[in-house]
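Input: a single structure, listed below in structure tokens.
The values are calculated or read from the model by the stated rules, or taken from the named source; none is laboratory data. Note that this is a predicted model, so its numbers are computed, not measured. In this analysis, Cβ positions are derived from the backbone assuming ideal geometry, glycine residues included, and neighbour counts consider all displayed protein chains.
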Amino acid sequence: MLSVLDMLLEEGAFEFTALAPGTGLLADELTKRQIPVRDFSVRNDDGIKCPYDVIEQRLSDLLHELRPDILHANSLSMSRLTGQLASTALPPLKRTGHLRDIIRLKKKVVSDLNRNDGLIAVSKATSDFHVAQGLDPLRCRVVHNGVDTERFQPCDSAILRAKLFPSVPATHTILLNVGQICLRKGQLDLAKAVVGLLQDHSDVHLAFVGQRHSTKQESVDYEAAIQQQFTQAGCGTHLHMLGYRDDIPDLMNAADLLVHAARQEPFGRTLLEAAASGLPIVATNVGGTPELLRPDTDAILVSSGDVASLKAAIDKTLANPELRRSLAASARQRIEANFTVKSAADQLAKFWNIQEDRRHRVVRGYESM
């Protein structure tokens, strides 16, 4: 979304104000772009969610002060909140929201979403899933995510590889996985598949980029189980838990293969970035992934949760350099033709019914519920 904002700011048709926590990485990035950030949170100082009437009053006061033309919610939970505001006395504005998740929703949540003036789904799979739950199809439009093809592009990996993975021999293979460490991302399936590969291929390494955000015990246990797969098999040096990183373009050029084992994926940013970087991909055929990557043309896609199929797909891809080159080249071409950040920005502007002779004041809500 930040890259889309860059494009829209460059075109000069919108003026943005962000309603978001006043400190943190997001606030820093918005400030770099000279986007005003108004401190807004649905939680109190102790991190406890505030009663709805308190949240509503906070948001209502800000909207009366800012008087935007458009209030855009950047998540499903915030889209629900903007829908609930339909019964609140507000200045005239259009309320829109972004649907980036494929999850089961209660009827009340769907009803709240349907009270927005318009909704964006990041993939047809996301839209279809929610329409099946009762979302108004006339209110929802698909706008695929885009990627900055200049920031993410193929480059010579030899120097990067030596710098980023100094402990990995130059002749060994690096598999990369990028994403939050959590059950729905399927990292344990990937760990099992790679440990299986290591029985016959001692030159394979797996690098996880991302953090676990949930403090639930099942999430803590899940992360521990990933590491236990390697330690119990006696191959702990082949697992690299890199945590949060801000050098993803470099990591993608240093790796040999991206493996995305998600159990659920609306329209993966990681997949966009890997494809734009010319990094061959093995992924699970879930959610919006086949809208982004054509099976056997742009990537090798397998069923989610099938460790044996995932292992076989990785093995097949690593054994065939020509296949890797073909997949990478085709995926890069597909990104350039269909999923650039310019395309995403243009579609978002069209969704907001932009008029060429008018500047729109847009307030974006980033607070997570």
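Remarks
- Within the option set Thr237, Thr284, being surrounded by fewer than 24 Cβ atoms within 10 Å (Cβ to Cβ) and either of a type in the set (Ser, Thr, Tyr) or in contact (Cβ under 8 Å) with a residue 40 or more places away in the chain (or both) holds for one residue only, Thr237.
- Selection within region 1-50 - in contact with a strand residue (DSSP E or B) (Cβ under 7 Å, 6 or more places away or on another chain), under 21 Å from Leu81 (Cβ atoms) and β-branched (Val, Ile, Thr): Thr17, Ile35, Val37, Val42
- Test: residue in region 81-99 that is hydroxyl-bearing (Ser, Thr, Tyr), surrounded by 21 or more Cβ atoms within 10 Å (Cβ to Cβ) and within 26 Å of the chain's Cα centre (by Cα): yes
- Positions within region 194-225 being closer than 20 Å to Val168 by Cα and touching a strand residue (DSSP E or B) at 6+ places or on another chain (Cβ under 8 Å), in sequence order: Val194, Leu197, Leu198, His201, Asp203, Val204, His205, Leu206, Ala207, Phe208, Val209, Gly210
- Looking only at region 160-185, and only at residues there that are among the polar types (S, T, N, Q) and not in a loop (DSSP other than H, G, I, E, B), the one that is surrounded by the most Cβ atoms within 10 Å (Cβ to Cβ): Asn177
- Test for Glu273: is it touching a residue at least 60 places away in the same chain (Cβ under 8 Å), assigned by TED's automatic domain parsing to the domain that holds His201, acidic (Asp, Glu) and touching a Ser or Thr at 6+ places or on another chain (Cβ under 8 Å): no
- Counted residues, region 204-224 - those being surrounded by 14 or more Cβ atoms within 10 Å (Cβ to Cβ) and free of Cβ contacts under 8 Å to residues at least 60 places away in the same chain: 12
- Screening Ala313, Ala331 for residues that are touching a residue at least 24 places away in the same chain (Cβ under 8 Å), in a helix (DSSP H, G or I), hydrophobic (A, V, I, L, M, F, W, C) and closer than 22 Å to Asp247 by Cβ leaves exactly one candidate, Ala331.
- The residue that is nearest to the chain's Cα centre (by Cα), counting only those in region 40-58 that are among the charged types (D, E, K, R) and loosely packed, with under 13 Cβ neighbours inside 10 Å, is Lys49.
- Per-region count, region 247-269, residues surrounded by 24 or more Cβ atoms within 10 Å (Cβ to Cβ) and either outside the structural domain of Thr317 (by TED's automatic domain parsing) or closer than 13 Å to Val147 by Cα (or both): 2
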